[in-house]
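What follows is calculated from the coordinates using simple rules that are stated; it is not laboratory data. Everything numeric in this text was worked out from a predicted model, so none of it was measured. Neighbour counts are summed over all protein chains in view; Cβ atoms, including those assigned to glycine, are modelled from backbone coordinates with ideal geometry.
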Amino acid sequence: MSQLVRDTSGLSIPTHDYLEFTYVSSGNGAGEISTITYKTGGSSGTTVAVVTMAYNSDDKLTSLTLA
């Protein structure tokens with residue numbers, strides 16, 4: 001498989017083979033993606049990075065945080 005983009009605007013995501021999404025249930029950004037968890041070893045594997053998204057009262061994305 002060809003190499004996918006892993007570094008955007010300084011947010012470097014380690015090699016991974018599984019993505020897990022959670023969604024905002026209510027309030028700002030309701031229905032939008034809240035976090036993306038990157039893992040190696042499939043769904044029960046090791047978490048290598050988590051991106052958390054924040055939204056304003058207009059449901060617009062305001063920030064991304066990489067942990």
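Here the simple spin-label model places points 7 Å from the Cα toward Cβ, and for Thr47 and Leu19 these points are separated by 1.8 nm. Remark: segment 35-44, residue by residue, has Karplus-estimated 3J(HN,Hα) of 9, 10, 9, 9, 9, 10, x, x, 4, 9 Hz, where x stands for each Gly or Pro and the curve is 6.51 cos²θ - 1.76 cosθ + 1.60 at θ = phi - 60°.
Checking (i) 98; (ii) 77; (iii) 88 against the coordinates, the calculated volume of the Cα convex hull per residue in Å³ falls under label (i).
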